[in-house]
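I have placed the structure first, in the form of structure tokens, so that the comments after it can refer back to it.
Each reported figure results from applying straightforward, stated rules to the coordinates on display, with no laboratory input. Keep in mind that this is a model prediction, so the values were computed, not measured. Note that we place each Cβ from the backbone using ideal geometry, even for glycine, and neighbour counts take in every protein chain shown.
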Amino acid sequence: MNSLAPPAPGSGAGHEAAHGKHASERAHGTFRGYMTGFVLSVILTAVPFWLVMGDVLGDTLMTSIVIMALAAVQIVVHMIYFLHMNTKSEGGWTFVALAFTLTLVVVTLVGSIWVMYHMDQNMMPMSPHEALQRP
């Protein structure tokens, strides 16, 4: 018997036999799911361009906040529709890994911003004369 030969149909050695044909179909998205993700991604990309190019909100801070919120939504759309991440995939471990990664990113960003803010507040100011004398 050749060990490189594919398993015989119905032998139970194939992926479909082990997990059922529907399990492999669920692991990969459907055409409708991919199209939904694509349309949402296009909308979530076009709206920020429209907000900036048309100066719709008129306030730079508010525009930045809206763009950041839409970026976060787009990340979620990509994870759900293209990466197929949910609480059921891989026994929930992908969701646990995502939560751990997000926790590390938030701690790193908040800590960095906090350190930079306090460094800015606690550094001695330099007079214009001292700035000119620096090498």
proj_area_mean for the range 49-135 (convex hull on C-alpha atoms), units nm², value 10.3
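If R0 is 22 Å, what FRET efficiency do you get for Val107 and Val73 from their C-beta distance, rounded to 0.05? Numbers along the way, then the final one.
Values: r = 22 Å, r/R0 = 1.02.
Efficiency, rounded to the nearest 0.05: 0.45.
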What are the ³J(HN,Hα) values, in whole Hz, obtained from phi via the Karplus relation 6.51 cos²θ - 1.76 cosθ + 1.60 with θ = phi - 60°, for each residue of the range 63-76 in sequence order, with x given for Gly and Pro?
4, 5, 5, 5, 5, 5, 5, 5, 5, 5, 5, 5, 4, 5
Quick one: Karplus J couplings for the range 31-44, per residue in order, coefficients 6.51, -1.76, 1.60, θ = phi - 60°, nearest Hz, x for Gly and Pro?
4, 4, x, 5, 5, 4, x, 5, 5, 4, 5, 5, 5, 6
